[in-house]
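The structure appears below as structure tokens.
Just so it is clear, none of the values below were taken in a lab; they were calculated from the coordinates. Keep in mind it's a predicted model, so treat the numbers as computed, not measured. Every residue, glycine among them, receives a Cβ derived from its backbone with ideal geometry; neighbour counts consider all protein chains shown.
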Amino acid sequence: MGPEEFRAAGHELIDWIADYRGRIPQLPVQAQVAPGEVAGKLPSHAPEEAEPFSQVLADLDGIVVPGVTQVQHPRHFGWFPSNASLASVLGDLAASGLGSLGITWQSAPALTEVEEVMAEWLRELTALPASWKGVISDSASSACLVAMLAARERATDYSKARGGLQSQSAPLTVYTTAHAHSSVPKAVALAGYGLGNLRFIDVDPVTYAMRPEALAAALAADVAAGLRPAAVVASVGTTGTTAVDPLAQIVPLARRHGAWLHVDAAMAGSALMLPEMRWLVDGVEGADSLAWNPHKWLGTVLDCSLLYVADPDHLIRVMSTSPSYLRSAVDGEVTQYKDWGIPLGRRFRALKLWFHLRLDGAEAIRARLRRDLGNARWLAEQVSSTPGWRVLAPVNLQTVVLRHEPPGAVSGTGAVLDADALNAHTLGWADWVNASGAALVTPSVLDDMWSVRVSVGAEPTERHDVEALWRLLKEAVESS
Ligand SMILES: Cc1ncc(COP(=O)(O)O)c(C=O)c1O
């Protein structure tokens, strides 16, 4: 495809995207396809001859759109917001159009330097410590793995250069809670600690936040047993309930034991743009690293996750490689992001942040985040004030965890009387909502019982959408 053919097809594609975004409210939120249905509509073999662009667009409409759960839908309340602001979509397209190769500063100086500036803009907007430096990665999961590798090397005085973990006399231990995202145990396992050395610290039964005194006890017990605490992963905004582990109390404990403190704020990081929400990370200046995802609530299209570190020199020492073909005269003067993570070749992800912030502006983004927080509070108030309904966790952010409890399901003191029946009821009405296509919510387990998470925060979601959802939930418990 040459530039002129691209120009014509590109205009058609932009029109297609704009039309698609306009008609999302008419589409079912949850993809209504059966497993294998999408693949069954594709030819078994790649085409030998070029096809017309119109045929490709027709298949986007006919095959792909029905096969996608519409997370840009105003009534998407599932999992977490996965907003793809159109401003950032343009930046992503520009990045692909440039086709730059981010392997060293020299291979695309702008790729590196725009990324440095974007990380700094976002640091300032979220009021994270001024001395921290950031890097864009694909996901909070990768960022957590990088943090666990950095923690391992700090705890072992760079054992990677010697016998690695296998040469350690004392096993290294890591601390988090059972409410941490599944990417935390995954990172701990992949970084070689072994899941047997991961401690799930007790949480407060009401807030689901890590109990610092339980962390202190676990650290002391492990040290007494000859183990070496290497890392603590604190969650600010857990996936299940948006619980907030208290950094101000956790930081001194981690420091006392020389353990790396990584903060996973994947979802909640966006809220730090709001001064009134900075309480979420009180004490963060004592942490070693923090990751959050602009590709969630903020709305910079996937994939765009920010990892901040207090000591970039340490990270570089852990991650750097220096093959001869990547060396240059400016080494030492410039940032080489290949030395801040795992991949060598990196996309120009900073462009979508740049476009997003420039074309939407921080103030409009703040207003949207405040709108979502207000909508979640409104929904929580309706639920708590309606007999038979219960909000199950503090509404710290934009997620409401709720349950409908039909007569006889719980005792006067709130104890569940028939867990199987209540679970079947919850899953039944949640499935009814999702199968209707009118909205999407996420069932999840809390305290061994099924509950339903309503995650407010899709970019087009307004109060009337949340009101419609609330009507739908009440209809669902009657109809399912
Ligand atoms: C608290 C938390 N941490 C980590 C993740 C993982 O994010 P990613 O998909 O960027 O790896 C999520 C995503 O749901 C999350 O909610």
If you plug each phi of segment 288-293 into the Karplus form 6.51 cos²θ - 1.76 cosθ + 1.60 with θ = phi - 60°, what whole-Hz ³J(HN,Hα) values come out, in order, with x for Gly and Pro?
9, 7, 8, 10, 8, 10
With +1 on each Lys and Arg Cβ and -1 on each Asp and Glu Cβ, and nothing else charged, work out how big the dipole of the chain is about its Cα centre, in Debye to the nearest 20.
1000 debye
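Of the peptides 407-413, 276-282, 60-66, how do they stack up when ordered by the mean number of other Cβ atoms within 10 Å, highest first? List each step's numbers first, then the result.
Details: 407-413: 10.0, 276-282: 16.0, 60-66: 13.7.
Final packing ranking: 276-282, 60-66, 407-413.
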Checking rank on 300-310, 329-339, with mean other Cβ inside 10 Å and highest first, the result is 300-310, 329-339
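Which value, in debye to the nearest 20, describes the size of the charge dipole of segment 94-224 about its Cα centre when Lys and Arg Cβ atoms bear +1, Asp and Glu Cβ atoms bear -1, and nothing else is charged?
On the way: 9 positive and 12 negative charges, 86 e Å.
Dipole magnitude for segment 94-224 comes out near 420 debye.
Take every Cα-Cα pair in segment 324-384 and report what % of them are more than 13 Å apart.
77 percent
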In the structure displayed, which of Lys296/Lys352; Lys160/Lys338; Lys296/Lys338; Lys133/Lys338 lie more than 21 Å apart, Cα to Cα?
Lys296/Lys338
So if we plug the beta-carbon distance of Ala221 and Ser182 into 1/(1 + (r/R0)^6) with R0 = 30 Å, what FRET efficiency do we get, rounded to 0.05?
0.75
Can you give the Kirkwood hydrodynamic radius for segment 93-251, in Å, rounded to one decimal and based on Cα pairs?
17.8 Å
Computed [θ] at 222 nm, deg cm²/dmol, the chain (DSSP H ≥ 4; -39,500 (n - 2.57); rounded to nearest 500):
-12500 deg cm²/dmol
Would you kindly derive the ³J(HN,Hα) couplings of segment 71-79 from the backbone phi angles with the Karplus curve 6.51 cos²θ - 1.76 cosθ + 1.60 (θ = phi - 60°), listing them in order in whole Hz, with x for Gly and Pro?
6, 8, 6, x, 10, 7, 10, x, 5
What are the aspartates and glutamates whose alpha-carbon lies under 14 Å from the alpha-carbon of Lys186, with same-chain residues fewer than 8 places away excluded?
Asp264
Using only the alpha-carbon atoms, what does segment 77-187 span along each of its principal axes? Please give whole angstrom values in decreasing order.
52, 43, 28
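How much of the calculated P(r) for segment 323-480 lies past 19 Å, in percent of all Cα pairs?
Beyond 19 Å sits 65 percent of the P(r) for segment 323-480.
Quick one: net charge of Asp222's neighbours, Cβ under 12 Å, K/R +1, D/E -1?
On the way: positive: Arg199, Arg228; negative: none.
Within the 12 Å Cβ shell, the charges total +2.
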Rule-of-thumb Rg ratio for segment 85-143 [Cα; 2.2 N^0.38 Å; N residues]
1.25
Regarding segment 1-124, what's the average projected area of the Cα-atom convex hull, expressed in nm²?
11.2 nm²
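Given an 8 Å cut-off on Cα distances and at least 6 residues of separation, report the relative contact order of segment 194-250 as a percent.
That works out to 33 percent.
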As an exercise, find the ratio Rg/Rh for the chain from alpha-carbon atoms, using the Kirkwood inverse-distance average for Rh.
0.99
Trypsin sites (Lys or Arg not before Pro) lying in DSSP loop within segment 106-212, provided at most 12 other Cβ fall within 10 Å:
Arg162
Karplus 3J(HN,Hα) series, Hz, for segment 348-363 with 6.51 cos²θ - 1.76 cosθ + 1.60 (x for Gly, Pro):
8, 5, 4, 4, 6, 5, 4, 4, 4, 5, 6, 8, 9, x, 5, 5
